[in-house]
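Structure first, then comments.
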Amino acid sequence: LTAAIPDRTGDDVLPGVKNVVAVASGKGGVGKSTVAVNLAAGLADRGARVGLFDADIYGPNVPRMVDADDHPQATESETIVPPEKFGMKLMSMAFMVGEDDPVIWRGPMIHKVITQLIEDVEWGYLDYLVVDLPPGTGDTQLTLLQTVPLTGAVVVTTPQDVAVDDARKGLRMFGRHDTTVLGIAENMSTFVCPDCGDEHDIFGSGGGREFADDNDLPFLGSIPLDPSVRSGSDDGEPVVLDDDNDTGGAFRDLTAETA
Ligand code: ADP
């Protein structure tokens, strides 16, 4: 993790960043942002230099999920200094628009803003820049795939058929842009009843692993459906940082698989 940053040419986008890892999903609501935040925080916790770019322009929740106290600062040379939390440098559309303001932009505007946020932010030297994409296969994805040298993508799905079906489209998109898919993460796998301890497969079971196997991709791990994940997000304390939490352990395993 502490190896030297490789030399790149001056023309490169993000010259000081060793790995850019996109976190993607076909469908919204499967826990993509949750995985992105816990993956980034988990990597930082392992001692890596990490940036977290929330490119989910339609639902930029990352600042809330880490309870970011500071805002980005503009410099005289028109660059942006990102705020930091849990050892991660943060950038999000949420810093740029009002809390309840919807983003209603056409493709060229999305392209301009995403490119600017990547290029003008002082990311510095990073081992990983984790990018939380919007769901689906839209303009943000296209911009990122065309402008940033991605190390690869982590695709998040629930075990449910409709989520897996939509994730398949994401795989095709990455395939067409010669982008490596680092693996599949299955979220909301099993619900362990806090009262009786019984396990319930609310969104089905095994769909993520099957999907990974069918496509010869690494399976990065499953995260149970657990109220502490939800409360960790709402309270701005990623569960991966809670050493006593079993689901935090599942996120730490997922981080180790991805690193
Ligand atoms: P997406 O980015 O795919 O739209 P989010 O990460 O915003 O999804 O998650 C959607 C909602 O589900 C959030 O309220 C989040 O806290 C909750 N959530 C995500 N993963 C889990 C989980 N494993 N257990 C419980 N709640 C979860």
Item to complete: Find the residue count for region 219-231, including only residues that are touching a residue at least 24 places away in the same chain (Cβ under 8 Å) and either of a type in the set (Phe, Trp, Tyr) or surrounded by 16 or more Cβ atoms within 10 Å (Cβ to Cβ) (or both).
Response: 9
Worksheet entry | PHE203 assigned to a loop (DSSP other than H, G, I, E, B), within 16 Å of the ligand (Cβ to nearest atom) and closer than 25 Å to VAL240 by Cα | yes
Worksheet item: Taking region 64-88, which residues are surrounded by 20 or more Cβ atoms within 10 Å (Cβ to Cβ), within 17 Å of VAL240 (Cα to Cα) and away from the ligand (no atom under 13 Å from the Cβ)?
Response: ALA68, LYS85, PHE86, MET88
Fill in: Matching residues in region 39-56 - criterion: being within 13 Å of the chain's Cα centre (by Cα) and more than 9 Å from the ligand (Cβ to nearest atom)
LEU39, ALA40, ALA41, GLY42, LEU43, VAL50, GLY51, LEU52, PHE53, ASP54, ALA55
Worksheet item: So how many residues does region 226-256 have that are over 19 Å from ARG64 (Cβ atoms), within 8 Å of the ligand (Cβ to nearest atom) and of a type in the set (A, V, I, L, M)?
Response: 0
Discussion item. Taking the criterion of being part of a helix (DSSP H, G or I), within 16 Å of the ligand (Cβ to nearest atom), charged (D, E, K, R) and under 23 Å from THR34 (Cβ atoms), would at least one residue in region 151-167 satisfy it?
Written reply: yes
Discussion item. Quick check on this structure: which one of GLU210, GLU186 is in a helix (DSSP H, G or I) and at pLDDT 90 or above?
Written reply: GLU210
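The values are calculated or read from the model by the stated rules, or taken from the named source; none is laboratory data. As the structure is a computational prediction, the values presented were derived from the model and not from experiment. No Cβ is skipped: glycine too gets one built from the backbone with ideal geometry, and neighbour counts run over all protein chains shown.
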